[in-house]
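Below: one structure, written as structure tokens.
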Amino acid sequence: MTDTTSPQTDGGLSRRSMLAGAAAAMFVPATVAALSSSAAATPPVTAAPAARAVATPPGTTHRLTMYVEDLGGGQTGYGLEPGKATIPGPLLEMYEGDTMEITLVNTTDRDVSIHPHGVLYDVNSDGSPFNKSFNGPGETRTYTWRTTGERAMGRWSRPGTAGYWHYHDHAMGTPHGTAGVAAGLYGGLIVRRRGDILPDKQFTVVFNGMQINNKSAPNTPMFEANHGETVEFVCIGHGDMFHTFHLHAHRWANNRTGYLEGPRDPSQIIDNRDLNGGDSFGFQVVAGEDVGPGAWMYHCHVQFHSDAGMSGIFLVRNADGSMPPGAQESIDWFHNHEGGAHH
Amino acid sequence: MTDTTSPQTDGGLSRRSMLAGAAAAMFVPATVAALSSSAAATPPVTAAPAARAVATPPGTTHRLTMYVEDLGGGQTGYGLEPGKATIPGPLLEMYEGDTMEITLVNTTDRDVSIHPHGVLYDVNSDGSPFNKSFNGPGETRTYTWRTTGERAMGRWSRPGTAGYWHYHDHAMGTPHGTAGVAAGLYGGLIVRRRGDILPDKQFTVVFNGMQINNKSAPNTPMFEANHGETVEFVCIGHGDMFHTFHLHAHRWANNRTGYLEGPRDPSQIIDNRDLNGGDSFGFQVVAGEDVGPGAWMYHCHVQFHSDAGMSGIFLVRNADGSMPPGAQESIDWFHNHEGGAHH
Amino acid sequence: MTDTTSPQTDGGLSRRSMLAGAAAAMFVPATVAALSSSAAATPPVTAAPAARAVATPPGTTHRLTMYVEDLGGGQTGYGLEPGKATIPGPLLEMYEGDTMEITLVNTTDRDVSIHPHGVLYDVNSDGSPFNKSFNGPGETRTYTWRTTGERAMGRWSRPGTAGYWHYHDHAMGTPHGTAGVAAGLYGGLIVRRRGDILPDKQFTVVFNGMQINNKSAPNTPMFEANHGETVEFVCIGHGDMFHTFHLHAHRWANNRTGYLEGPRDPSQIIDNRDLNGGDSFGFQVVAGEDVGPGAWMYHCHVQFHSDAGMSGIFLVRNADGSMPPGAQESIDWFHNHEGGAHH
């Protein structure tokens, strides 16, 4: 059994807090150790330990409380503490074999829920009005998510639940949570297999409608890492439009982890991938590996989406954390030219 | 040589026949044995043997006659017996190495054809006006589909034809069969590799325009299985819109079979996948495994598609076939709230 | 060090030159040997050596000059010699470990650049206004692309850069090169792994807006090969629309090469694949294998796209290069019925 620390960010509108809000807040089972550091370890954020991850004991049950809160301006978020909701919500993590019990507190006056992808749940934790598993206005309800490893069956096996998944509302506005998802009720969910590589930093990128993490350029998140750090991207698609996620100067394998399972792994290497409603994928890259530090773009590669504001910055600082030459100019250029700015 | 039994369904409009029509009618080479049971073994359906599949001898030629028939209301279907056309058409199956000879009887007054994906055919069986291989009004024409295993070439091999494929009209309305596909002229086609796992039940799910199997919620197919049965989904995309197929509480590997080829298989595990025009994929799940029986949703995860009626029910009954607690309530809720019902 | 021969084609509008322009012009490091033959070895095209590929020495630096040129009618292309720009631009190739230095000559009066996918480049070769790495009107600028093999890290490895990639403008019209891409500033880029199978012929297919290689049927490229030749397709997606690429009567593995890595390779076999903005994939097929020579269609499988002109012909001639029975009739039919022709 564990309880939770909540390294996360406010929902404010300054560039600093926008950045922090966009970065992945990390679920940290505090009684054991951090699975990973938080990417957003700046005030007013409660910092997560920066140490590399230590795995929880097998079969850990993670108990946490999440709050659904209105953030103003039609935005709604999930948070691990009252008054701390963010968009996207906290990045949740566990290992195959673990259980997560989420007590969801609905502080709004509408129906909401939390519906996970990939993991195991019975109908009472489905998160849908269809199965009467949602929170009415002001209600608190507990959802239980379980996981499993793969099961051998001759030469094959039935898949386990390891993956870069996500969670989202499935109740607000329509039986499919259309209003909740539009308002920002979504977040990343990682289920790791024992032995998986753990990153130094983590970022959640949600393409939702024509926005990224409910922001348009130049207000989209700027993800920051130092040259050589291992960075994990969790990419999620939502809404009514089709998208492709493109990251400049970095690439990954189109499979479960983004790494190759040795030289016979047939996976395609990609730097661009479809990211449509309900889809998610993740990968790790070494920031700036083989290409150097600098300000790199990530964006939707559908042309009019990128032009209309679906782009952002992956800032790879020098290894000592200082700014590489030209990076600030690029950032300034971005703020003056991207999104609506250049029209 | 074989002939065919035709376990299939009418094209009527009652909820029962809608369900049956949506379930996958199974091509059964009767002189050998059923490859699989039919999911729709209820009157007025001709039931297929419920016994588990027995493979046909290598190199079997499956000869069958298919009828293109108008079903009223602008709908048209393929069927294995006169008066028995369904939407989708019968789910056809063979093993790598087999041949399928389809004598297509066009009972309509328009050009139609049958064009397969994945398998081998010469230009005369292309199914296109481009290659003059279609049926004029009232005409009968035979199409031959062949298959092959993979061929080694050093460390690589050239792929065989095993896969979850599909067939569709390529002649009605336009040179690409746009009117035929819209009217319902499509179905699943499975080519198995020797040793592949055979399911207990099979369902064909076609996302076509903003409908599923040419139906909108709440009239979309309800797929039924008992807790613990191995269920095979064959998912096909058609039309002009983009879609993602999502199944609640179950997951599969994003590869040829949906199973992992052991612990080093790098495939991503998914519960949501793009399903666009001409695409198809399939997978097997153990109904309710780790999550229990209940009424589970499947739906397009593009938000406004799911709200507009692209959702349906995967009913996992108790192992003895009885209804699990709450399932009927969920079904009733679905009929009162999904699709146009809740507006 | 190498210099370049430029087997490529004009940008004219006759059916012959349209065909040639659509075929992949091949970057050939002339001081070593052709990596592959050109698919378009007919006047007025400068023929590339027809001999099978000979690999360049490890670590080769390919130095070439590319010209951005207006082609009239709002079209703009890349070319390896002045006056020789094509749409798509030349198909560029190298091996993992190689470097490519591209001196880009902008002969237009607008900002342009060349931005690659998949390979390694520092911020000065990013090809974006964001990083001030583009050519102003009339300017010349050198872009450097590097490559690497995969790097072992325990049971995993970090991916190398082998893949079917592409390059495109990232500066014209908008910060994302929307006007440049729309005008035709794109091309294929292959990075091979040592030991990869080399094709006899190569074709670049770009789905861009509602066109293929900026052409609509019946003026889309006709790709030609002889029965039994190994043909490589490089497929690229651009623009604002979603697409699926379908090839009749041929299939490939959905992985890095299109071949299977032996019998345990779990990759799905496909003949239809999503091809959206910024995506690319490639594969090889033996022309007409198991299906015979003939005129085969390739097309976008989104129905109204195929009807509106997103279709073309893959002509598989007899092994001796003669026309198979019926093929000319099919070609004639295509010219009379596809695209706007049949309305």
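The values are calculated or read from the model by the stated rules, or taken from the named source; none is laboratory data. Owing to the predicted nature of the structure, the values given are computational and were not obtained by experimental measurement. All Cβ positions, even for glycine, are placed from backbone atoms using ideal geometry, and neighbour counts span all protein chains on display. SASA here: full protein model, heavy atoms, side chains in, ligands and nucleic acids out. Shrake-Rupley method; radii C 1.70, N 1.55, O 1.52, S 1.80 Å.
Descriptive notes on the structure:
- Shielding score for C:305-318, defined as the mean number of other chain Cβ atoms within 10 Å: 2
- The modelled label-to-label distance for the pair B:D320/A:E139, using points 7 Å beyond Cα in the direction of Cβ, is 3.1 nm.
- 10 Å Cβ neighbours from other chains, averaged over peptide C:175-183: 4
- Interface C:B - total buried accessible surface [probe 1.4 Å, Å², rounded to 100]: 4600 Å²
- Peptides ranked, highest mean first, by Cβ atoms within 10 Å: ranges A:179-191, B:266-278: A:179-191, B:266-278
- On the beta carbon distance between B:M153 and C:E81, with R0 = 51 Å, the FRET formula returns roughly 0.90.
- The stretch B:101-192: relative contact order as a whole-number percent, Cα under 8 Å and 6+ apart: 30 percent
- The charge dipole of the stretch B:194-294, taken about its Cα centre with unit charges on the Cβ atoms of Lys, Arg (+1), Asp and Glu (-1) only, comes to about 140 debye.
- The stretch A:64-170: trypsin sites (Lys or Arg not before Pro) in DSSP loop, at most 12 other beta carbons within 10 Å: A:R155
- Inter-label distance, nm, simple model (7 Å from Cα along the C-beta direction), C:N336/B:N124: 2.2 nm
- In this simple spin-label approximation, B:D109 and A:Q328 carry label points 7 Å from Cα along the Cα→Cβ vector, and these lie 7.8 nm apart.
- Relative contact order %, the stretch C:196-343, counting alpha carbon pairs below 8 Å whose residues are six or more apart: 30 percent
- In a simple Cβ point-charge model (Lys, Arg +1; Asp, Glu -1; nothing else charged), the stretch B:54-107 has a dipole of about 100 debye relative to its Cα centre.
- Peptide B:280-290, shielding by other chains (average Cβ, 10 Å cutoff): 3
- Pairs from the list A:K132/B:K84; B:K84/B:K201; B:K132/C:K201 with a Cα-Cα gap above 30 Å: A:K132/B:K84.
- Dipole moment magnitude, nearest 20 debye, the stretch B:266-338 about Cα centre, only Lys, Arg, Asp, Glu C-beta charged: 100 debye
- Projecting the Cα atoms of C:H170, C:N226, C:M153 onto the dipole axis of the stretch C:115-270, where Lys and Arg carry +1 and Asp and Glu carry -1 at the beta carbon, places C:M153 farthest toward the positive end.
- Among beta bridges identified by DSSP and lying wholly in the stretch A:51-107, the antiparallel ones come to about 45 percent.
- Once you reduce the stretch A:282-333 and the stretch C:231-267 to the center of their Cα atoms, the two points are 30 Å from each other.
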